[in-house]
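For reference, the structure discussed in these notes is given below.
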């Protein structure tokens with residue numbers, strides 16, 4: 001959910017790169033290094049971008065199972081009788097619809113029509129919630145919510161104490177079920193349960209993910225990270241389980257058309273422009289809801305669309321989008337060569353009149369206008 005520049009990643013020499021002194025490690029960094037992962041600075045952390053290769057890891061997740069260490073993500077706990085009211089005021093979705101054990105995707109609108117961040121909201125109980133935010137926005141989001149906490153909601157930033165594994169792929173449930181008595185098949189999408197997993201108590205097992213391949217996300221205290229990682233991989237040997245890095249996490253999410261904060265959405269893009277009207281509920285008042293409601297009624301001037309290249313070329317973040325006359329009309333926010341589809345795909349903002357499926361556009365690649373067309377997302381359908 002943060003910006004990835006896969007083509008510019010370079011090996012980091014930890015002994016000579018002084019900037020790495022301020023970077024954080026996850027509880028599993030040593031394991032990643034021992035596995036030969038290519039480590040890169042990302043959102044304030046040293047993170048694995050790939051192990052055996054982006055395409056190889058991508059295929060493992062789509063066809064069997066892969067494991068991502070995404071412990072760099074941020075987690076906030078909000079408690080008290082006014083916790084829901086605070087969440088309702090700062091998020092665009094309607095958290096009052098949540099019941100215990102349910103989660104929802106939402107965003108934090110800013111006061112000028114853009115997005116502070118996108119996030120997940122978990123209802124632990126009627127007076128307790130967990131918010132999961134992007135690693136690069138932890139401090140920004142915390143300060144934003146604190147500044148609006150006018151009813152003394154108890155807030156705890158547990159990001160540095162919490163590890164998060166995303167076990168993704170069609171065989172994820174078979175592997176994890178051997179490690180817990182929690183009935184994983186009984187956990188619906190965007191729901192969760194707490195229970196013992198791999199001998200560790202109080203693991204939050206969430207039927208969520210950022211890959212479109214199915215699976216679970218596991219939240220637990222840092223001290224159990226190595227134990228749970230090893231248990232998951234031992235249980236997954238027969239399924240050829242593989243560690244997966246941020247590189248294939250990006251290609252997987254793009255095939256699903258999932259927004260990436262810093263690329264497809266940011267402080268200047270509205271949720272309606274980004275196609276996130278489904279998480280923007282005007283049944284309540286929230287930050288800048290009046291302006292966004294007016295935007296919905298009048299329509300947006302630009303829209304985020306999915307497109308595929310119809311001529312040879314790979315779109316990248318920042319490339320210009322042109323119309324049939326060669327005029328620049330938009331910009332590519334995400335793009336790649338899809339490992340699953342074997343075609344070049346991307347997301348980008350275009351004028352609303354060019355947002356219809358089948359609209360012909362062009363992507364400026366190395367000063368040449370290369371043909372593309374607008375398509376429905378998700379690009380990949382299992």
| query | residue 312: within 28 Å of residue 58 (Cβ to Cβ), more than 25 Å from the chain's Cα centre (by Cα), touching a residue at least 24 places away in the same chain (Cβ under 8 Å) and not in a strand (DSSP E or B), yes or no? | reply | yes
| query | Counting just the residues of the range 49-68 that are out of contact with any strand residue (DSSP E or B) (no Cβ under 6 Å at 6 or more places or on another chain) and surrounded by 18 or more Cβ atoms within 10 Å (Cβ to Cβ), which one comes out nearest to residue 217 (Cα to Cα)? | reply | 65
| Using beta carbons and a limit of 9 Å, which pairs, at least six apart or on different chains, have the first residue in the range 334-351 and not assigned by TED's automatic domain parsing to the domain that holds residue 58 and the second one modelled with pLDDT under 95 and assigned to a loop (DSSP other than H, G, I, E, B)? | 334/4
| Restricting the search to the range 188-214, which residues are in contact (Cβ under 8 Å) with a residue 40 or more places away in the chain and in a loop (DSSP other than H, G, I, E, B)? | 190, 208, 209, 210, 211, 212, 213, 214
| message | So if I check each of 291, 268, which one is farther than 30 Å from residue 37 by Cβ, in a loop (DSSP other than H, G, I, E, B) and either touching a residue at least 60 places away in the same chain (Cβ under 8 Å) or touching a helix residue (DSSP H, G or I) at 6+ places or on another chain (Cβ under 6 Å) (or both)? | response | 268
| task | Would you mind stating whether residue 277 is within 18 Å of the chain's Cα centre (by Cα) and at pLDDT 95 or above? | result | yes
| Among the residues of the range 323-353, which ones are surrounded by fewer than 18 Cβ atoms within 10 Å (Cβ to Cβ) and part of a strand (DSSP E or B)? | 328, 331, 337, 343, 351
| request: For the range 354-372, name all the residues that are buried (at least 16 other Cβ atoms within 10 Å of the Cβ) and out of contact with any helix residue (DSSP H, G or I) (no Cβ under 7 Å at 6 or more places or on another chain). | output: 354, 355, 359, 362, 363, 364, 365, 369, 370, 372
| Do we have any residue at all in the range 125-138 that's part of a strand (DSSP E or B), touching a strand residue (DSSP E or B) at 6+ places or on another chain (Cβ under 9 Å) and farther than 19 Å from residue 206 by Cβ? | no
| said: Any residue in the range 167-180 that is at positive phi sitting within a Cβ distance under 6 Å of a residue that is part of a loop (DSSP other than H, G, I, E, B) and buried (at least 19 other Cβ atoms within 10 Å of the Cβ)? List the pairs, counting only those 6 or more apart or interchain. | reply: 169/64; 169/65; 169/213
| task | Look at the range 51-99 and say how many of its residues are more than 19 Å from residue 209 (Cα to Cα) and not assigned by TED's automatic domain parsing to the domain that holds residue 231. | result | 21
| query | Under the condition of being surrounded by fewer than 21 Cβ atoms within 10 Å (Cβ to Cβ) and within 21 Å of residue 233 (Cβ to Cβ), which residue from the range 185-203 is farthest from the chain's Cα centre (by Cα)? | reply | 199
| Could you list, in sequence order, the residues of the range 211-234 that are surrounded by 20 or more Cβ atoms within 10 Å (Cβ to Cβ) and closer than 22 Å to residue 121 by Cα? | 211, 212, 213, 215, 216, 217, 218, 219, 220
| remark: Per the filter on the range 71-114, residues surrounded by 17 or more Cβ atoms within 10 Å (Cβ to Cβ), in a strand (DSSP E or B) and over 15 Å from the mean Cα position of the chain (by Cα) are 76, 77, 78, 109
| message | Just the residues that are buried (at least 21 other Cβ atoms within 10 Å of the Cβ), touching a strand residue (DSSP E or B) at 6+ places or on another chain (Cβ under 7 Å) and not in a helix (DSSP H, G or I), please, taken from the range 139-178. | response | 153, 162, 163, 164, 165, 166, 167, 168, 169
| request: Determine, yes or no, whether residue 117 is outside the structural domain of residue 232 (by TED's automatic domain parsing), under 29 Å from residue 41 (Cβ atoms) and surrounded by fewer than 17 Cβ atoms within 10 Å (Cβ to Cβ). | output: no
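The values are calculated or read from the model by the stated rules, or taken from the named source; none is laboratory data. Quantities reported herein were computed from a predicted structural model and do not represent experimental measurements. Counting neighbours? That spans all protein chains shown, and the Cβs are built from the backbone with ideal geometry, glycine included.
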